[in-house]
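Just below is one structure, and these are the notes that go with it.
The values are calculated or read from the model by the stated rules, or taken from the named source; none is laboratory data. Please read all numbers here as calculations on a predicted model, not as lab measurements. All Cβ positions, glycine included, derive from the backbone under ideal geometry; neighbour counts span all protein chains shown. Ligands, DNA and RNA are excluded from the accessible area calculation, which covers all protein heavy atoms including side chains. Shrake-Rupley method; radii C 1.70, N 1.55, O 1.52, S 1.80 Å.
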Amino acid sequence: MKFFKINPNTNFNLLCSFINPHKFGQKIMSEKTQIHFILIKDLSVSAANILKQDALRVGAELVTHKEVITAKITHSNALLMATKEQIQKLIAKEKLQDFGLKNLANFLENDFTKPKNAELMAVINVNEDSFNEQSRVNEKNFEKKLIEFLELEPEYIDIGAVSSRPKSVYCGKEEEFRRLKGVLDLIYSQNYYEKAIFSLDSFDEYCLEYALNKGFKFINDISSLRNVNLAKLASKYNAKYCLMHMQNDPLTMQDDPKYDDLLDEMSQFFEEKLEILESLGVKESILDVGIGFGKSAEHNMILIKHLEHFLKFKKPLLVGASRKSVINAYHKSEVKDRLAGTLYLHLKAFENGASIIRVHDLYEHKQLFALEKAMQSIGV
């Protein structure tokens with residue numbers, strides 16, 4: 001016999017191909033390969049005692065405040081730790097209970113399936129004030145940059161003509177369109193729009209409709225759907241619509257941003273806005289938690305770490321942390337020196353549920369995710 005301690009994140013089905021168990025047994029055991037953490041806030045003591053017993057009966061565990069058993073408190077925060085198989089059993093049990101546990105059962109029924117592959121969105125800024133100088137082009141050198149990116153075959157190309165960096169002020173739709181018109185016409189005349197999904201990073205109706213008539217298929221709206229007409233455009237042109245969360249506006253968003261409950265407030269935002277999008281006939285919505293848009297460095301890290309929570313909406317998640325100041329908060333660095341931090345945050349975002357990664361450094365990200373995909377395909 002030989003013994004090996006192997007990585008617990010190794011693909012279970014790949015390991016089974018090495019071992020060759022019965023297919024039915026493999027399916028059952030696959031649901032026991034990961035422990036899921038469900039954080040529950042303000043759980044009543046009555047509910048906590050019921051859930052504790054139910055969890056123990058199915059082999060799961062519930063961590064509660066030490067005084068729950070003494071009833072010296074009325075509510076406790078709690079952590080449910082369970083496998084997928086145990087969660088399925090708990091759903092059936094909690095649907096029969098009172099004290100709000102039916103709501104827990106409904107939450108547990110959500111499908112938190114993570115994407116298997118990362119799609120890349122390459123950024124090109126047609127302006128002179130975007131925070132990352134390396135991403136800027138003008139109308140003369142735009143095509144050269146575009147061809148370089150298209151040769152690397154990204155799924156998306158995101159074009160922007162106005163800066164949304166902290167303290168930035170919108171230049172106005174006339175100036176935005178002046179910057180965009182030539183490159184939009186070029187993309188259409190040369191059929192570049194057939195080689196990737198083109199996105200316009202804008203909240204101006206006129207610019208967006210012009211782009212949609214030039215082969216664009218994606219509206220990247222950083223304004224948090226402040227203008228529902230953008231959703232109507234997405235519906236009219238059957239375009240993808242990216243809903244990004246931003247607290248306040250670019251001019252004020254980083255003036256000491258605060259949240260009473262970050263994940264809960266973000267969830268409420270997405271829930272409310274998705275209802276509007278669906279009512280207006282938007283068929284493909286993408287959610288963006290808005291890294292750096294009205295968030296402290298810690299807020300940004302919390303959102304990336306717990307991104308999986310937002311998979312409950314059953315929408316693709318987009319993350320763009322490329323060279324942003326969250327990196328500088330933990331390791332002092334200029335924008336030009338933040339590639340390593342960017343790659344780390346984007347890999348974690350993907351591992352935690354992001355489908356689309358918005359990047360300035362396309363080549364380096366193609367390399368990163370090629371290796372990540374290779375690693376996932378390795379068994380023993």
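Consider region 278-297 and keep the residues that are in contact with a strand residue (DSSP E or B) (Cβ under 7 Å, 6 or more places away or on another chain) and surrounded by fewer than 22 Cβ atoms within 10 Å (Cβ to Cβ). The one that is nearest to SER355 (Cα to Cα) is ILE286. For region 136-143, indicate whether the set of residues that are touching a residue at least 24 places away in the same chain (Cβ under 8 Å), open to solvent by less than 40 Å² (accessible area, probe 1.4 Å), in contact with a helix residue (DSSP H, G or I) (Cβ under 7 Å, 6 or more places away or on another chain) and β-branched (Val, Ile, Thr) is non-empty. No, region 136-143 contains no residue that is touching a residue at least 24 places away in the same chain (Cβ under 8 Å), open to solvent by less than 40 Å² (accessible area, probe 1.4 Å), in contact with a helix residue (DSSP H, G or I) (Cβ under 7 Å, 6 or more places away or on another chain) and β-branched (Val, Ile, Thr). The condition of being open to solvent by 30 Å² or more (accessible area, probe 1.4 Å), over 23 Å from the mean Cα position of the chain (by Cα) and either at positive phi or modelled with pLDDT of 95 or more (or both) does not hold for ASP255.
For region 13-29, the tally of residues that are open to solvent by 100 Å² or more (accessible area, probe 1.4 Å) and not charged (D, E, K, R) stands at 5. Evaluation of SER333 against the conditions (1) open to solvent by less than 10 Å² (accessible area, probe 1.4 Å); (2) hydroxyl-bearing (Ser, Thr, Tyr); (3) without any contact (Cβ under 8 Å) to a residue 24 or more places away in the chain shows that the sole unmet condition is (1).
LEU80 satisfies every condition listed in (1) open to solvent by less than 20 Å² (accessible area, probe 1.4 Å); (2) under 14 Å from GLN53 (Cα atoms); (3) assigned to a helix (DSSP H, G or I) except (3).
Going by the conditions given, is LEU362 touching a helix residue (DSSP H, G or I) at 6+ places or on another chain (Cβ under 7 Å), modelled with pLDDT of 95 or more, under 15 Å from GLN134 (Cβ atoms) and open to solvent by 40 Å² or more (accessible area, probe 1.4 Å)? Here the answer is no, as LEU362 does not meet what is asked. Scanning region 147-171 for residues that are modelled with pLDDT of 95 or more, over 14 Å from ASN125 (Cα atoms) and charged (D, E, K, R) yields a total of 4. Collect the residues in region 238-252 that are open to solvent by less than 50 Å² (accessible area, probe 1.4 Å) and modelled with pLDDT of 95 or more, keeping them in residue-number order. Selection gives ALA239, LYS240, TYR241, CYS242, LEU243, MET244, HIS245. Count of region 175-232 residues, restricted to those that are open to solvent by less than 50 Å² (accessible area, probe 1.4 Å), among the polar types (S, T, N, Q) and not in a strand (DSSP E or B), is 4.
Selection of first residues in region 44-62 that are in a helix (DSSP H, G or I) and of second residues that are of a type in the set (Lys, Arg), restricted to Cβ pairs under 6 Å at least 6 apart or on distinct chains, gives the following pairs, ordered by first then second residue: ASP54/LYS93; VAL58/LYS89. From the list LEU345, LEU318, LEU368, LEU311, the one residue that fits, being surrounded by 19 or more Cβ atoms within 10 Å (Cβ to Cβ), touching a residue at least 60 places away in the same chain (Cβ under 8 Å), in a helix (DSSP H, G or I) and not aromatic (Phe, Trp, Tyr), is LEU311.
Each row is one residue, and each column tells you yes or no for (1) within 15 Å of LYS181 (Cα to Cα); (2) of a type in the set (Asp, Glu); (3) within 26 Å of the chain's Cα centre (by Cα); (4) not in a strand (DSSP E or B).
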position	(1), (2), (3), (4)
LYS140	yes, no, no, yes
ILE147	no, no, no, yes
PRO154	no, no, yes, yes
ILE159	yes, no, yes, no
LYS167	no, no, yes, yes
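Per the conditions (1) assigned to a helix (DSSP H, G or I); (2) in contact (Cβ under 8 Å) with a residue 24 or more places away in the chain; (3) β-branched (Val, Ile, Thr), the sole criterion not satisfied by ILE40 is (1).
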